[in-house]
Amino acid sequence: MEARLNPFDDAVAMKVIKQLSAAGKILTESTLPLATQELVRLRASQINGCGFCTDMHTKEAAAAGETAVRLNLVAAWREATVFTDAERAALELAEQGTRIADAAGGVPDEVWENARKHYDEQQLAALVAGIALINAFNRLNVIVQQPAGDYRVGMFG
């Protein structure tokens, strides 16, 4: 399988990717736990059907110490007992923030309030920005049909 467009060979696409990636690096400096960030990125990527990002964030999370059990249960997190209440709140916010078009009025207040119980303002800002960024990356990759499976940990820096 080949991508419809190779964003890594296009000057405009690469400028956009570099800017999005720079924004993503800021999130790694936040106090939002890296495990939570990776779980959120993985869940949004699953919802959006982004094979490339699902591959990438599964591998990055595993390299950072995430267990296979937790990674395998992200798609069914509601029924899984392996996630903390804070992680569950982040996953719910990620799902609602990814499926905005499915809900008139956007993210429900109760989902936001639940996330606020577990995260401070900086962490919430990082969580919201992270959800927005992964959705942007997902859309870019899905539109161009970026192939999945060949990602190597740390491949992009």
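The C-beta contact set for segment 1-23 (first residue more than 21 Å from Gly130 (Cβ to Cβ) and modelled with pLDDT under 85, second residue part of a helix (DSSP H, G or I) and β-branched (Val, Ile, Thr), distance under 8 angstrom, 6+ apart or interchain) comprises Ala3/Val144; Leu5/Val144; Asn6/Val144; Phe8/Ile17.
Inside segment 100-133, can you point out the residues that are closer than 16 Å to Glu87 by Cβ and in a loop (DSSP other than H, G, I, E, B)? Scanning segment 100-133 gives Tyr119, Asp120.
Return yes when Arg41 is within 17 Å of Asn135 (Cβ to Cβ), touching a helix residue (DSSP H, G or I) at 6+ places or on another chain (Cβ under 7 Å) and charged (D, E, K, R) and no when it is not. Yes, satisfied. If you go through segment 123-132 and keep only what is touching a helix residue (DSSP H, G or I) at 6+ places or on another chain (Cβ under 7 Å) and surrounded by 19 or more Cβ atoms within 10 Å (Cβ to Cβ), you end up with Ala126, Leu127, Gly130, Ile131.
For segment 80-97, state whether one or more residues are of a type outside the set (A, V, I, L, M, F, W, C), at pLDDT 95 or above, surrounded by 17 or more Cβ atoms within 10 Å (Cβ to Cβ) and closer than 23 Å to Gln19 by Cβ. The answer is yes; a qualifying residue exists.
Considering segment 110-148 alone, what residues qualify as being without any contact (Cβ under 8 Å) to a residue 40 or more places away in the chain and more than 21 Å from Trp77 (Cβ to Cβ)? Before you say what the answer is, go through the steps one by one.
First, the residues of segment 110-148 that are without any contact (Cβ under 8 Å) to a residue 40 or more places away in the chain: 110-118, 121, 124, 128, 132.
Listed by number, the list holds a single entry, Glu121.
Condition first: more than 16 Å from Gln37 (Cα to Cα), free of Cβ contacts under 8 Å to residues at least 60 places away in the same chain and either among the β-branched types (Val, Ile, Thr) or touching a strand residue (DSSP E or B) at 6+ places or on another chain (Cβ under 8 Å) (or both). Can you find one or more residues in segment 61-70 that meet it? Spell out how you get there, then give the answer.
We begin by selecting, within segment 61-70, every residue more than 16 Å from Gln37 (Cα to Cα); these are 68-69.
Narrowing further to those that are free of Cβ contacts under 8 Å to residues at least 60 places away in the same chain: 68-69.
If we keep only those that are either among the β-branched types (Val, Ile, Thr) or touching a strand residue (DSSP E or B) at 6+ places or on another chain (Cβ under 8 Å) (or both) too, we end up with 69.
Yes, because at least one residue in segment 61-70 is more than 16 Å from Gln37 (Cα to Cα), free of Cβ contacts under 8 Å to residues at least 60 places away in the same chain and either among the β-branched types (Val, Ile, Thr) or touching a strand residue (DSSP E or B) at 6+ places or on another chain (Cβ under 8 Å) (or both).
Regarding Val144, is this residue within 19 Å of Ala13 (Cβ to Cβ), surrounded by 11 or more Cβ atoms within 10 Å (Cβ to Cβ) and among the hydrophobic types (A, V, I, L, M, F, W, C)? Considered against the rule, which asks whether it is within 19 Å of Ala13 (Cβ to Cβ), surrounded by 11 or more Cβ atoms within 10 Å (Cβ to Cβ) and among the hydrophobic types (A, V, I, L, M, F, W, C), Val144 comes out as yes. Within segment 49-68, the presence of at least one residue that is farther than 20 Å from Thr28 by Cβ, over 15 Å from the mean Cα position of the chain (by Cα) and surrounded by fewer than 19 Cβ atoms within 10 Å (Cβ to Cβ) is confirmed.
The values are calculated or read from the model by the stated rules, or taken from the named source; none is laboratory data. Computed from a predicted model, the values in this text were never measured in an experiment. When we count neighbours, we look across all protein chains shown, and the Cβ atoms used for this are built from the backbone with ideal geometry, even at glycine.
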